[in-house]
Amino acid sequence: MYVWIFQTGEPLHIDSGSRPMRAISLANKLINKGHKVLIISSDFFHQEKVKRTSKFSQIKISKNLNIDLIPSPGYYKNFGLRRLLDHFLLGINLKKYLFHKNDDLPDLAFIGYPPIETSFVLTSWLKKRKVNMILDVKDDWPKTFLKIFPKLLRPLARLFLYPYFYFAKYSMRNASVISSISPSFLEWVQNFSKREIFNKNGIKRDFVAHLVREPLRKNNIPEKKINNIKGYMHFEKEKYFCFVGSISLSFNFHLVRDAADIIFSKNKNLKIIIAGGGDKFADIKKLFKNSPNVILLGPINGFEAEYLIKSSIGTIAPYHNLEHFQKSIPNKIIESLEYGKPIISTLSGEVESLINKNEIGFSFCNEPRLFANACLEMSSNKELVEIFQKNCVSLFNKKLAYDKVYEKILRKMQNLKSRK
């Protein structure tokens, strides 16, 4: 089977130091099964905000894996007009690229959504050539665009953004199959696009494929890989909660600061460790300058992240409680479950339901007092934490393990190919 994977905004096999996400993981699974893969992606590396080659490029990784890069201008911030311009021009350049691909059709394609423009270009191009495709929806664009406008202006903004709504709905309606990151997100896709839920045989067309990532390794963590963080504290002896991820506008660190003050007034030995880089790292350095129980580590590698999480009481997920996050199960939640660590989350919706139903931590702690009390309760109740940990491992192995999720995707692909 020859498969195209179109995915932007993720690391590729040519990028070093980044943990694999959907594109790399799916490609590796397919290659291990003997299939041939072409990854088509943006030349612009979203995580690092740099260009990989600054041109159309074809890179041979192995006999069964090639990567084609499409140029675009790039952007400096995750939110803004420059990113929209980047995606618009990426869509135009993708169309130019496809002009030369008529003699290289895949058996099927797996398309990452968003961007909206590239999804539309590729979906319409493949449909004309009767190539089956899976559209992998991981964000509620363009609906989320409206949220930056005042409510009174949203009807006008929706009129202005009509092309995005048209392109998005077209892609969703015409994809052979939709995969999405949670049941709520899949339901949103179906309602937004008015897509038929069942095929002509009465079988559900679409499925959930959670955003899980390949485990780092099977053996113990090499000591030399974690030397950068060992000097900060005795992780095995200290009690702490941790955050590992991008320091961005997605997270409510003001809530964490206020909760940390409450925690310090009641338990001066309990710490919160925040690790990661990002657009807002300089801001949180100022925010936590008077928080003696908060430690900022900056960017760390994957081995350090695993060591940090495994040595903690649990992880914190202080997302802003926005509709997009309410519908999803972010990879930060899944990563905590992977390492058997309970979660303190600010989210309602899917995450709240997951936490409460499976007893894996505390949910909807969207006020400093609730957040602090959850930390204090877990730090003083060893038996409760042990129950949470056991439930985390059970849930992860049952529903969210890497092999289970990607085997499900591969089965869907095989079924699509057999329908041609």
Discussion item. If you count only protein heavy atoms and use a 1.4 Å probe, how large is the accessible surface of residue 133, to the nearest 10 Å²?
Written reply: 0 Å²
Discussion item. How tilted is helix 382-395 with respect to the longest principal axis of the chain? Cα atoms for both, answer in degrees (0 to 90, nearest 10).
Written reply: 10 degrees
Worksheet item: Which value, in debye to the nearest 20, describes the size of the charge dipole of the chain about its Cα centre when Lys and Arg Cβ atoms bear +1, Asp and Glu Cβ atoms bear -1, and nothing else is charged?
Response: 1160 debye
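Quick one: of the DSSP bridges fully inside the stretch 10-137, what percent are antiparallel, nearest 5? Walk me through the numbers before you get to the answer.
Numbers: 7 of 19 bridges.
Roughly 35 percent of the DSSP beta bridges within the stretch 10-137 come out antiparallel.
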Fill in: P(r) of the stretch 355-420 over all Cα-Cα pairs, binned every 5 Å from zero, in whole percent
3, 15, 16, 15, 13, 10, 8, 7, 5, 4, 3, 1
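What dipole magnitude, in Debye to the nearest 20, does the stretch 1-136 give about its Cα centre under +1 on Lys/Arg Cβ and -1 on Asp/Glu Cβ? Mind showing how you got there, number by number?
Numbers: 21 positive and 11 negative charges, 18 e Å.
Computed charge dipole of the stretch 1-136: roughly 80 debye.
Rule-of-thumb check for the stretch 98-165: C-alpha Rg over 2.2 N^0.38 Å?
Numbers: Rg = 15.5 Å, N = 68, 2.2 N^0.38 = 10.9 Å.
For the stretch 98-165, the normalised Cα radius of gyration comes out at 1.41.
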Worksheet item: With no solvent and one point per C-alpha, what does the Debye sum give as log10 I(q)/I(0) for the chain at q = 0.08, 0.15 Å⁻¹?
Response: -0.46, -1.53
Worksheet item: List the aspartates and glutamates whose alpha-carbon lies under 12 Å from that of residue 382, not counting same-chain residues fewer than 8 positions away?
Response: none
Worksheet item: Rg/Rh for the stretch 1-115: what does it come to with C-alpha atoms and Rh from Kirkwood?
Response: 0.95
Response to the item:
Once phi for every residue in the stretch 94-99 is put through the Karplus expression 6.51 cos²θ - 1.76 cosθ + 1.60 (θ = phi - 60°), the whole-Hz ³J(HN,Hα) values, with Gly and Pro written as x, are 5, 4, 4, 4, 5, 4
Worksheet item: Can you work out D for the stretch 313-414 in µm² s⁻¹ from Stokes-Einstein, where Rh is the Kirkwood radius over C-alpha pairs, the temperature is 20 °C and the viscosity is 1.002 mPa s?
Response: 153 µm²/s
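Mean 1/r over all different Cα pairs, inverted: what Kirkwood radius does the stretch 139-216 give, in Å? The partial results should precede the final answer.
Working: mean 1/r = 0.0706 Å⁻¹.
That comes to 14.2 Å for the stretch 139-216.
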Worksheet item: Amide H to amide H under 5 Å from residue 108: which residues, 5+ apart in sequence or cross-chain, H placed 1.01 Å off N in plane?
Response: 2, 4
Practice prompt. Quick one: which residues, 5+ away or cross-chain, put their amide H under 5 Å from the amide H of residue 271? H built at 1.01 Å from N.
Written response: 239, 240, 241
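Per DSSP H run of at least 4 residues, take -39500 (n - 2.57); add these up for the chain, divide by its residues and hand me the 222 nm value, nearest 500 deg cm²/dmol. Numbers along the way, then the final one.
Details: 16 runs with 173 residues, N = 420.
Taking each H run of at least 4 residues, the total per residue is -12500 deg cm²/dmol.
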Item to complete: Compute the Cα gyration tensor for the stretch 274-334, then decide on rounded, prolate or oblate, letting a ≥ b ≥ c be the square roots of its eigenvalues: rounded whenever a/c is under 1.5, prolate when a/b is larger than b/c in the other cases, and oblate in all that remain.
Response: oblate
Response to the item:
In order over the stretch 336-349: 3J(HN,Hα) from phi, Karplus 6.51/-1.76/1.60, θ = phi - 60°, whole Hz, x for each Gly or Pro, gives 5, 5, 4, 9, x, 10, x, 10, 10, 10, 9, 8, 9, x
Worksheet entry | the stretch 265-382, Rg to Rh (Cα coordinates; Rh as Kirkwood inverse mean 1/r) | 0.94
Practice prompt. In square nanometres and to one decimal, what's the mean projected area of the convex hull around the Cα atoms of the stretch 81-126?
Written response: 3.1 nm²
Worksheet item: P(r) for the stretch 77-218: what percent of alpha-carbon pairs falls in each 5 Å bin, starting at zero?
Response: 2, 9, 17, 20, 19, 15, 11, 5, 2, 0, 0
Fill in: Between 0 and 90°, nearest 10: helix 183-193 axis offset from the chain longest Cα axis
40 degrees
Worksheet item: At q = 0.16, 0.21 Å⁻¹, what log₁₀ I(q)/I(0) does a Debye calculation on the Cα points of the stretch 8-68 give, no solvent, two decimals?
Response: -0.48, -0.82
Worksheet item: For the stretch 9-83, what relative contact order do you get, as a whole percent, if you take Cα pairs closer than 8 Å and at least 6 residues apart?
Response: 26 percent
Fill in: the chain: angle of helix 368-380 to the longest principal axis, Cα-based, in degrees nearest 10
70 degrees
Discussion item. Whole-Hz ³J(HN,Hα) for each residue in the stretch 40-51, computed from phi via Karplus 6.51 cos²θ - 1.76 cosθ + 1.60 with θ = phi - 60°, x for glycine and proline: what do you get?
Written reply: 10, 8, 6, 5, 7, 8, 4, 4, 9, 6, 9, 8
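The values are calculated or read from the model by the stated rules, or taken from the named source; none is laboratory data. Values in this document were obtained by computation on a predicted structure and should not be read as measured data. Here the Cβ is made from the backbone with ideal geometry for all residues, glycine too, and neighbour counts use every protein chain on show. With ligands, DNA and RNA removed, areas are computed over all heavy atoms of the protein, side chains included. Shrake-Rupley method; radii C 1.70, N 1.55, O 1.52, S 1.80 Å.
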